[in-house]
1. Looking only at GluC sites (Glu not before Pro) in DSSP loops with at most 14 other Cβ atoms within 10 Å, what is the longest site-free stretch of the chain?
2. Working out 0.36 nm times the residue gap between THR275 and ARG124, then minus their Cα-Cα distance, what length gain in nm do you get to one decimal?
3. Among LEU445, LEU413, LEU216, LEU32, what is the fewest-to-most ranking by other Cβ atoms within 10 Å?
4. I'd like the trypsin sites (Lys or Arg not before Pro) in the range 315-407 restricted to DSSP loop residues with at most 11 other Cβ atoms within 10 Å, sorted by number.
5. How far, in nm, would the chain grow between LYS333 and THR88 when pulled straight, counting 0.36 nm per residue and subtracting the alpha carbon separation?
6. Between ASP460 and THR250, what is the FRET efficiency for a Förster distance of 25 Å, r being their Cβ-Cβ separation, to the nearest 0.05?
7. Within 10 Å of each residue's Cβ, count the other Cβ atoms and sort ARG255, ARG172 from fewest upward.
8. Measuring from the lowest to the highest alpha carbon on each principal axis, how far does the chain reach, largest first, in angstroms?
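Bear in mind these aren't lab numbers, they're just calculated from the coordinates by the rules spelled out. Since this is a predicted model, take the numbers as computed values, not measurements. Here the Cβ positions follow ideal geometry from the backbone for every residue, glycine too, while neighbour counts run over all protein chains shown.
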Amino acid sequence: MHKLENPFQETLIQRHRADSCTVVIFGATGDLTHRKLIPALYNLAAGGDLPQQFKVVGFARREKTDEGFRAELEESNKKNSRQGHDATLWASFSQNIDYHCCEFQDFEGYKSLKLLLEEFDKERGAPANRLFYLASAPEFFDQIMLMLRQSGLNVGSGGKWARVVCEKPFGRDLATARHLNEVVNATFHESDTYRIDHYLGKETAQNIMVLRFANLMFEPNWNSRYIDHVQITCAENLGMEGGRGGYYDTAGALRDMVQNHLFQLLSLVAMEPPTDLSADSVRDEKVKVIRALRRYQGVEEVSKNIVRAQYIAGSVDGVERVGYRQEDRVNPKSMTECYVALRLFVNTWRWQGVPFYMRVGKQLPKKATEISVHFKYPPQAPFPTTLQRGTRNVLVIRIQPDEGISLRMLSKLPGVQLLLQPVKMDFRYSTSFGKASPEAYERLLLDAMAGDATLFARRDEVENSWSFIDEIEHAWHNENSQPPMGEYPAGSWGPKDADDLLAADGRVWRRL
Ligand code: BG6
């Protein structure tokens, strides 16, 4: 029998073998470490995916003992672990977690960190690889990099590697992102730099490439000849919980979600097939999409193609919510958007004239991220209803929750008359595979330990996307004529202007 070549197989088998290492987490007392990083490592341990020789050092400013730190992590692991919490497993896993109390700018503390890591090496009888995870507030990144450089911790010893993982936000505009890149790349080689975008670690985001390039039936239709438009929605039913207002008010939806997560999804949908699955081949193709985006300059172009808004008081799931400007730590006169809708064009041969509509917002009716690909109508209408609203073929990729893919198509209604009705073919991860997908951070931590940077943002991706975002921000904060800031009640699907953006093109947002 003819054996089909599977371009994915070999790479998948080669991946996920994490090298033995010590992970040093900067900002270890923070929320990210408690809610995401430690539970992810614990779940990797539960799945037998952690390397044999494995240690974690929590680096932070507050005084704590190793035992105190472990006890706090245990409590948060009980709440956040995907596969529950097993006391015996926790006991053996947590033995390998230490705490190192130090100010980020205190050189002595880095020297003692080095001694601690050398002590571990002695216990093991060989030097270990080192993974430095920047989970602290971004204003400390410069200091930490400098100290790692000065203490020589950035260079692996005895043939072992040293890598850095940078959490978002990676800059707040092109200038700050470039500066950060300079600082990070002065300390670590680009191939040892892993910029996190946790959307890339989501199982369904990874499946976009598989859907497109491992199935022959989609790719021939994946272009302006057959596709009318694409929608990407990232709706959240939360607002500024957990004291996030302070950070969020300095960022806004465009910086917080579009520059990174939404652009990553857009790239995966619009990219050309990579020649192979190496990190650079994939990222080469992704960055071309961002570079090909039609640029919007000036207030007029920006207002015509981009809508921004803030939520006002309303209710989500029956719970009353205050308006954005009344949120804790938010400026009562804030001009920061918590909703944005964009009409984008990717100026390539494949995508000429196909709009990509994206929307993202807080305090919307539900949490849902999905990509929908809306196909054109048939060139001729052989059946009565073929050219009516609601009858296009739509391929929906549900990123979260209820992960899966569905395809809407027209079918004949049973009966003697020739009546057509849209029907849906649906694939659900939960029923098809019968097991829960790993958390994004599990996959990403494992990849960083295994040296696979495919699911991390490369320097040029980050800088190109900031350069696009900067032009919008400039127009929005133009002192002479600022584009309007729309409003929507919490619990609604966003401002009317966002509906008008599509209505102007004769289209509507998909109902989620
Ligand atoms: C983060 C943003 O990067 O992503 C948050 O800073 C947002 O504002 C979050 O809530 C959404 O992530 P997820 O995985 O819950 O969709």
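1. Values: sites that count: GLU5, GLU63, GLU103, GLU241, GLU479.
In the chain, the maximal stretch lacking such sites is 242-478.
2. Numbers: separation 151, 0.36 × 151 = 54.36 nm, distance 4.08 nm.
Value of the extension gain: 50.3 nm.
3. Values: LEU445 27, LEU413 10, LEU216 7, LEU32 17.
So the ranking, lowest neighbour count to highest, is LEU216, LEU413, LEU32, LEU445.
4. Numbers: sites: ARG321, ARG325, ARG329, LYS333, ARG343, ARG350, ARG359, LYS362, LYS366, LYS367, LYS376, ARG389, ARG392, ARG398; in loops: ARG329, LYS333, ARG350, LYS362, LYS366, LYS367, LYS376, ARG389, ARG392.
Of the trypsin sites (Lys or Arg not before Pro), the ones in loops of the range 315-407 whose Cβ has at most 11 other Cβ atoms within 10 Å are LYS333, ARG389.
5. Details: separation 245, 0.36 × 245 = 88.20 nm, distance 5.19 nm.
The span from LYS333 to THR88 would gain 83.0 nm if fully extended.
6. On the way: r = 25 Å, r/R0 = 1.01.
Efficiency for this residue pair is about 0.50.
7. Numbers: ARG255 23, ARG172 20.
Fewest-to-most Cβ neighbours within 10 Å comes out as ARG172, ARG255.
8. Projected onto its principal axes, the Cα set of the chain covers 80, 70, 43 Å.
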